[in-house]
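S.K.: Can you read through this structure? Questions will come right after.
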């Protein structure tokens, strides 16, 4: 197994399941409400650790019950939390999600302590002894966290870690062209179709890919929902079909599950198409459960699904 460093938010998801989205100024009763650990960094780290990989997370939380909840699954999964910073003034990052019966999520996020992740506490050894870096692009938006994330990327490239950066709509909107500059030299960029077009300014997937290639970004993984995902490299352009699910219960964290499974597979020697299949499986398993980190499976299960799907003729 490979040693992963994850940089990204560990947060609390406040989830409200409603029959319909409320109109402005109105009130609806939630059919169900719960609070669960979340955050793109926290979720990716939990999945990587559950798959048997030594995993370290760099994030910042507040103090009190929200911090304990945000870190609960990380600790249970055995993630190394030595790089977790504690903020005595800012609240732990949180996301309020309003989920409608079709599985669509409307989110209100509060970055909180995450944006204060202090680069002065980062040491070269924290990065150099790892094999791979998984980073959420939200870490590059601003504040001290941006300095921390940028320096971590620099160190990862200097020490030849394999690097995976997962975009996010909020990060792409906030950074646009500046994000492209930040991502030069990253080994694998993961995004959904909307983020691909938003980042590149392209009119289609093919046009968007061509535009990013002109900027030197050539190894892309594009998540296309029910269709699966597309793997794009200078030698490969392949749609990998989605893993079928009976019903989508909650899609919170599905993209983070995909990213973690894909990175796990790549670092364990699988080809990119099989890695994408494993990502599709992980995302599909996630949407059958409520909560960003609820779905659990081990490496043997994931590898078994990936191998079985790889043997199915196209």
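S.K.: Would you work out the relative contact order for the chain, in percent, from Cα pairs under 8 angstrom that are 6 or more residues apart?
M.R.: In percent, rounded to a whole number, it is 17.
S.K.: For the chain, go through all pairs of different Cα atoms, get the mean of 1/r, take its inverse, and jot down that Kirkwood value in Å.
M.R.: Answer for the chain: a Kirkwood hydrodynamic radius of 19.5 Å.
S.K.: Can you tell me how region 17-68 classifies by the Cα gyration tensor, rounded, prolate or oblate, using a/c under 1.5 as the rounded cut?
M.R.: prolate
S.K.: Sort 49-55, 266-272, 6-12 by the packing proxy (mean of other Cβ within 10 Å over each peptide's residues), most packed first.
M.R.: 6-12, 49-55, 266-272
S.K.: To continue, here is another question. May I ask for the percentage of alpha-carbon pairs in region 130-269 that lie more than 19 Å from each other?
M.R.: 50 percent
S.K.: Compute the distance from the alpha-carbon center of region 184-245 to that of region 280-300, in whole Å.
M.R.: 23 Å
S.K.: Follow-up. Mind checking Rg over Rh on region 198-268, alpha carbons, Kirkwood formula for Rh?
M.R.: 1.00
S.K.: Out of every Cα-Cα pair in region 1-92, what percent are more than 16 Å apart?
M.R.: Percent of Cα pairs beyond 16 Å in region 1-92: 57.
S.K.: With a ≥ b ≥ c the root eigenvalues of the C-alpha gyration tensor of region 94-211, is it rounded (a/c under 1.5), prolate (a/b larger than b/c) or oblate?
M.R.: Oblate, since a/c reaches 1.5 and b/c is not below a/b.
S.K.: For the pair residue 203/residue 178, report the inter-label distance in nm, with labels modelled 7 Å from Cα in the Cβ direction.
M.R.: 3.0 nm
S.K.: Can you give the % of DSSP beta bridges in the chain that are antiparallel, to the nearest 5?
M.R.: Taking every DSSP beta bridge within the chain, about 40 percent pair in antiparallel fashion.
S.K.: Order of 212-225, 119-132 by packing, highest average Cβ count within 10 Å first?
M.R.: In descending order of packing, they fall as 212-225, 119-132.
S.K.: Normalise the Cα radius of gyration of region 78-117 by 2.2 N^0.38 Å (N = residues in it) and let me know the number.
M.R.: My calculation over the Cα atoms of region 78-117 gives 1.58.
S.K.: Classify region 144-193: rounded, prolate or oblate, from the alpha-carbon gyration tensor (a ≥ b ≥ c, eigenvalue square roots; a/c under 1.5 rounded; otherwise prolate if a/b is larger than b/c)?
M.R.: oblate
S.K.: Also, quick follow-up: Specify the inter-centroid distance of region 38-60 and region 1-20, based on alpha-carbon positions, in whole Å.
M.R.: The two parts, judged by their Cα centres, are 9 Å apart.
S.K.: How high is the FRET efficiency from residue 29 to residue 96, r the C-beta distance, R0 22 Å, rounded to 0.05?
M.R.: Computed FRET efficiency for residue 29 and residue 96: 0.85.
S.K.: May I pose another question? Suppose only helical runs count, i.e. DSSP H with n ≥ 4. What mean residue ellipticity at 222 nm does that imply for the chain under -39500 (n - 2.57) per run, divided by all residues and rounded to the nearest 500 deg cm²/dmol?
M.R.: -11500 deg cm²/dmol
None of the figures in this text is laboratory data; all of them are computed from the coordinates on show. The shown structure was predicted, so the numbers you read here are calculated from the model rather than taken from an experiment. Positions of Cβ are backbone-derived with ideal geometry, glycine not excepted, and every protein chain shown enters the neighbour counts.
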